[in-house]
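Contents: one structure, followed by commentary.
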Amino acid sequence: MSTGSAWESALFQLDDAARIIGLDPGVHEVLRTPRRTLEVAVPTRMDNGEIRVFTGYRVHHNTSRGPSKGGLRYHPDVTLDEVKALAMWMTWKCAVVNIPYGGAKGGVVVDPKSLSRSELERMTRRYASEILPLIGPERDIPAPDMGTNGEIMAWIMDTYSTREGYSVPGVVTGKPMAIGGSKGRESATGRGVTYVTLATLKHLGMAVEEARVVIQGFGNVGFHAAQLLEEMGCVVVGVSDVKGGVYNPTGLSHTGLSTYAREAGTIVGFEGGEQVSNQELLELDCDVLIPAAIENQLREDNAGRVKASVIVEAANGPTTPEADDVFKEESVLVVPDILANSGGVTVSYFEWVQDIQSYYWDDDEVSERLRKIMERAYVDVLALSEEKKVTMREAATVLGVGRVAAAHQTRGLYP
Ligand code: NAD
């Protein structure tokens, strides 16, 4: 089966979906292969005058349903295989929520914290100009991912616009509001995670007020998911960041946690709960476990010790195929990443739509449109999972792959 790499997992999931729907072998081969893969050298002048050359990637996995869409990751462990996997997952994700995009992803092999702000800006602008032939509002639209943020998107938007000679806000999403960002983008992924968690509790007949939730990761996604789930009445009993976790069976205060984290730079040491390791956090007694940090957290070696009956994958690729088998065996319901965390790309789509129309929506409009799309996607995936008697992951992949294959077959193969 898989060797544990994200690309192996992504191919395994596609092959599984292809088998379930009896996908045409030729179309299957097309979908196994990224449409375009670009590797670029990013020479950057450091503040001390030296030049360092970073390696960057941009992958378009598929563009049958529209321009490709996907985040940009700055991390020392970025590999081409990881970028390819993330691009493929973006293709299925956009199709699951039925927005008119294909999938892409970008990455630069760098620890952004090791660069000064001006080094980061020079590196970003050079990377943006190297991938310029691939991006554009009708071509491919980057967005933030791990290690990147709205400011980095602003530099990319400015680099692209300067080369075009006029402002092109729709070339990236996740931008600051001052240059065409959307209301609600910051919290969108956590909000989407919240909507699918509530839909799952409803489906299982579990009371929201009795649901005990554990969240791994207290970054953009984990922070907002914890806040909104608490607002909805769930009891968030455990959270963690890269340094460790805290647990309180009677509930952690989000306000207390965020105030502490803002000052300490971590949640470790927060006195409203007992300290636990990240490994212990995943195995805590709870109803819903939300991995919202990085890949490959739930594996064959720890899946059997997970006590939650529901896993909502806020992170991309947190569960290996082997762990999936364990969860299937033990009837743990896994709400897959391509459904659970699609709130981010959905509000990115809203941002792009608003940019193109030069018209802006208020918070309520964004949240309400997001809720409708997430609930629709949840119902579609659940229905397919019941109809085909497959897991939610298989159903979501089948739904996504089926929609992309239909677009590909309807358009036909050029020439
Ligand atoms: P982030 O960088 O803001 O936060 C990541 C969090 O995970 C931090 O709290 C960090 O301390 C923690 N973390 C890192 N390594 C860890 C480890 N080994 N163990 C435990 N915790 C660890 O990132 P984010 O934007 O919140 O993204 C989190 C995940 O969600 C990623 O997989 C990302 O691809 C996915 N995602 C994000 C978005 C989005 O809109 N931000 C959208 C879709 C998917």
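Taking region 255-290, which GluC sites (Glu not before Pro) meet the DSSP loop condition and have no more than 16 other C-beta atoms within 10 Å?
Details: sites: GLU263, GLU271, GLU274, GLU280, GLU283; in loops: GLU271, GLU283.
Of the GluC sites (Glu not before Pro), the ones in loops of region 255-290 whose Cβ has at most 16 other Cβ atoms within 10 Å are GLU271.
Please report, as a whole percent, how much of the solvent-accessible surface of the chain comes from carbon and sulfur atoms (probe radius 1.4 Å).
On the way: 8480 of 17030 Å².
Using a 1.4 Å probe with all protein chains present, the chain comes out at 50 percent carbon and sulfur.
Counting only C-alpha contacts under 8 Å and six or more residues apart, can you give the relative contact order of region 188-340 as a whole percent? Provide the component values of the computation, followed by the final result.
Numbers: 315 pairs, mean separation 32.5, N = 153.
RCO, region 188-340: 21 percent.
For SER182, what residues show an amide H to amide H distance below 5 Å, using hydrogens built from the backbone and excluding near sequence neighbours?
Answer set, sorted by chain and number: GLY174, LYS175.
Around GLY181, with a cut-off of 13 angstrom between Cβ atoms, what is the net charge of the other residues, counting Lys and Arg +1 and Asp and Glu -1?
Values: positive: LYS175, LYS183, ARG185; negative: GLU151, GLU186, GLU351, ASP355, ASP363.
Charge balance in the 13 Å sphere: -2.
Using 1/(1 + (r/R0)^6) with R0 = 45 angstrom and r between the beta carbons of SER129 and THR259, what's the FRET efficiency to the nearest 0.05?
Values: r = 41 Å, r/R0 = 0.91.
FRET efficiency, SER129 to THR259: 0.65.
Residue-wise, which Karplus ³J(HN,Hα) couplings in Hz belong to region 158-163, taking 6.51 cos²θ - 1.76 cosθ + 1.60, θ = phi - 60°, and x for glycine or proline?
Calculated HN-Hα couplings, in order: 5, 4, 5, 5, 4, 5 Hz.
What are the ³J(HN,Hα) values, in whole Hz, obtained from phi via the Karplus relation 6.51 cos²θ - 1.76 cosθ + 1.60 with θ = phi - 60°, for each residue of region 258-273 in sequence order, with x given for Gly and Pro?
Values, residue by residue: 6, 5, 4, 5, 4, 7, 8, x, 7, 8, 5, x, 5, 8, x, x Hz.
Within region 142-204, list the chymotrypsin sites (Phe, Trp or Tyr not before Pro) lying in a DSSP loop whose Cβ has at most 11 other Cβ atoms in a 10 Å radius.
On the way: sites: TRP155, TYR160, TYR166, TYR195; in loops: TYR166.
In loop regions of region 142-204 (DSSP not H, G, I, E or B), the sparsely surrounded chymotrypsin sites (Phe, Trp or Tyr not before Pro) are TYR166.
Normalised by the number of residues in region 63-169, what is the relative contact order in percent for Cα pairs under 8 Å and 6+ residues apart? If you can, show how the numbers build up before the last one.
Values: 165 pairs, mean separation 36.4, N = 107.
Relative contact order here is 34 percent.
Report ³J(HN,Hα) in whole Hz for each residue of region 143-156, in order, from the Karplus equation J = 6.51 cos²θ - 1.76 cosθ + 1.60 where θ = phi - 60°; Gly and Pro get x.
In residue order, the calculated couplings are 8, x, 9, 4, x, 10, 8, x, 5, 5, 5, 4, 5, 5 Hz.
Pick out, in residue order, every one of the GluC sites (Glu not before Pro) in region 308-415 that is DSSP loop and has at most 16 other C-beta atoms within 10 Å; say none if there are none.
Values: sites: GLU313, GLU322, GLU329, GLU330, GLU351, GLU365, GLU368, GLU375, GLU386, GLU387, GLU394; in loops: GLU313, GLU330.
Listed in order of number, the matching sites are GLU330.
With every protein chain left in place and a probe of 1.4 Å, what is the accessible surface of LYS388, to the nearest 10 Å²?
80
Would you mind working out the accessible area per residue for the chain, using a 1.4 Å probe, and quoting it in Å²? Write out the running numbers ahead of the final one.
Details: 17030 Å² over 415 residues.
With the other protein chains kept in place, the chain gives 41 Å² per residue.
Send over the per residue convex hull volume for the chain, Cα only, as a whole number of Å³.
Details: hull volume 58.8 nm³, N = 415.
Residue-normalised Cα hull volume stands at 142 Å³.
Give, as a single signed number, the net charge of other residues whose beta carbon lies under 10 Å from the beta carbon of GLY265, with Lys and Arg counted +1 and Asp and Glu -1.
Numbers: positive: LYS243, ARG262; negative: ASP241, GLU263.
Neighbourhood net charge equals 0.
The values are calculated or read from the model by the stated rules, or taken from the named source; none is laboratory data. No experiment lies behind these values; they were computed from the predicted model shown. Glycine also receives a Cβ, built like all others from the backbone with ideal geometry; neighbour counts cover every protein chain displayed. Only protein heavy atoms, including side chains, enter the accessible area calculation; ligands, DNA and RNA are left aside. Shrake-Rupley method; radii C 1.70, N 1.55, O 1.52, S 1.80 Å.
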